[in-house]
């Protein structure tokens with residue numbers, strides 16, 4: 001059973017059509033990337049799922065049916081804007097927010113201690129929230145999202161203000177929750193994190209679904225005939241069947257002639273005495289696909 005299913009949902013604000021006929025599903029045990037440029041309709045879609053906004057038309061099923069107050073306690077939501085109370089100590093703030101999700105204070109206190117220790121926040125539990133760094137507040141807000149053990153986790157820009165060590169810590173936590181069978185929607189502009197974490201992605205633009213599927217499926221659709229190689233020795237200046245050689249970060253992209261075959265290129269390299277540690281089809285990074293696709297859509301609108 002899908003954790004979330006949206007069927008042709010639409011939402012308009014005055015003259016702005018924020019979302020139009022959008023359909024997608026989110027399954028248990030997956031991290032689902034919700035992507036799009038600013039103003040694409042991502043936040044509006046999330047707020048309709050959470051029943052903050054009502055769709056003008058279409059249907060949304062969450063955890064098997066319409067949203068209810070009981071289901072809201074089975075959902076964890078990390079908004080992009082922080083929602084912590086700044087003037088009270090961290091631990092008191094987290095216990096209060098856990099209580100809003102239906103947790104008994106003793107259980108909340110015990111679980112929060114474990115989470116705060118995991119995220120290196122326990123020693124700051126008596127400090128006022130406003131005295132914590134932005135990164136610490138981001139981790140604290142993630143704790144409030146997870147402490148009640150939600151079945152559905154929705155996170156908007158989860159890596160904001162985090163250094164590389166804490167970014168890895170959060171990624172490990174999200175992957176462990178996914179492995180427990182939780183459904184996770186992640187909205188972010190950091191395409192490298194999407195490539196590493198997401199099982200499937202949805203790209204929306206001007207409220208419409210434009211790309212939808214696994215990362216591998218989407219990259220395959222945008223793949224070129226080019227070859228990426230990492231040689232242990234210098235490449236020859238000219239390789240039969242190769243139109244252009246481009247160096248990028250210690251690797252080389254071989255742009256092939258239209259009729260060239262990759263296996264013949266490999267044979268030519270070996271015959272030239274080149275030793276290789278990598279020879280594979282050039283798969284475009286998601287960031288490249290994202291930029292290319294959005295620019296194409298903007299060009300179509302200009303026309």
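The values are calculated or read from the model by the stated rules, or taken from the named source; none is laboratory data. As the structure is a prediction and not an experimental result, all values here were calculated from the model. FYI the Cβ positions are ideal-geometry reconstructions off the backbone, even for glycines, and counts take in every protein chain you see.
There is at least one residue in region 27-45 that is buried (at least 18 other Cβ atoms within 10 Å of the Cβ), at pLDDT below 95 and either at positive phi or not assigned by TED's automatic domain parsing to the domain that holds residue 175 (or both). With respect to the conditions (1) on the phi < 0 side of the Ramachandran plot; (2) in a strand (DSSP E or B), residue 82 lacks only one, and its number is (2). Pairs are defined by a Cβ separation below 8 Å, a sequence spacing of at least 6 or placement on different chains, a first member in region 100-111 that is not assigned by TED's automatic domain parsing to the domain that holds residue 143 and assigned to a loop (DSSP other than H, G, I, E, B), and a second member that is surrounded by 18 or more Cβ atoms within 10 Å (Cβ to Cβ) and at pLDDT 95 or above; no pair meets this definition.
Out of (1) in contact with a helix residue (DSSP H, G or I) (Cβ under 8 Å, 6 or more places away or on another chain); (2) within 26 Å of residue 39 (Cα to Cα), what's the single condition that is false for residue 163? Going through (1) in contact with a helix residue (DSSP H, G or I) (Cβ under 8 Å, 6 or more places away or on another chain); (2) within 26 Å of residue 39 (Cα to Cα) one by one, residue 163 breaks only (2). Residue 249 passes all but one of (1) under 29 Å from the mean Cα position of the chain (by Cα); (2) modelled with pLDDT of 85 or more; which number fails? In the conditions (1) under 29 Å from the mean Cα position of the chain (by Cα); (2) modelled with pLDDT of 85 or more, residue 249 misses (2) alone. In region 213-230, the condition of being under 30 Å from residue 11 (Cβ atoms), surrounded by 15 or more Cβ atoms within 10 Å (Cβ to Cβ) and in contact with a strand residue (DSSP E or B) (Cβ under 9 Å, 6 or more places away or on another chain) is met by at least one residue. Residue count for region 119-135 satisfying the condition of being touching a residue at least 24 places away in the same chain (Cβ under 8 Å) and surrounded by 14 or more Cβ atoms within 10 Å (Cβ to Cβ): 9. Counting only residues that are surrounded by fewer than 16 Cβ atoms within 10 Å (Cβ to Cβ) and either touching a helix residue (DSSP H, G or I) at 6+ places or on another chain (Cβ under 9 Å) or not assigned by TED's automatic domain parsing to the domain that holds residue 42 (or both), region 175-188 holds 1 of them.
The strands (runs of 3 or more DSSP E) falling completely within region 201-303 that include 1 or more residues that are farther than 30 Å from residue 27 by Cβ map to 227-231, 242-248, 251-256, 276-281. Which ones in region 64-100 are touching a strand residue (DSSP E or B) at 6+ places or on another chain (Cβ under 8 Å), surrounded by fewer than 19 Cβ atoms within 10 Å (Cβ to Cβ) and within 30 Å of residue 23 (Cβ to Cβ)? 66, 67, 71, 74, 79, 80 - these are the residues of region 64-100 that are touching a strand residue (DSSP E or B) at 6+ places or on another chain (Cβ under 8 Å), surrounded by fewer than 19 Cβ atoms within 10 Å (Cβ to Cβ) and within 30 Å of residue 23 (Cβ to Cβ).
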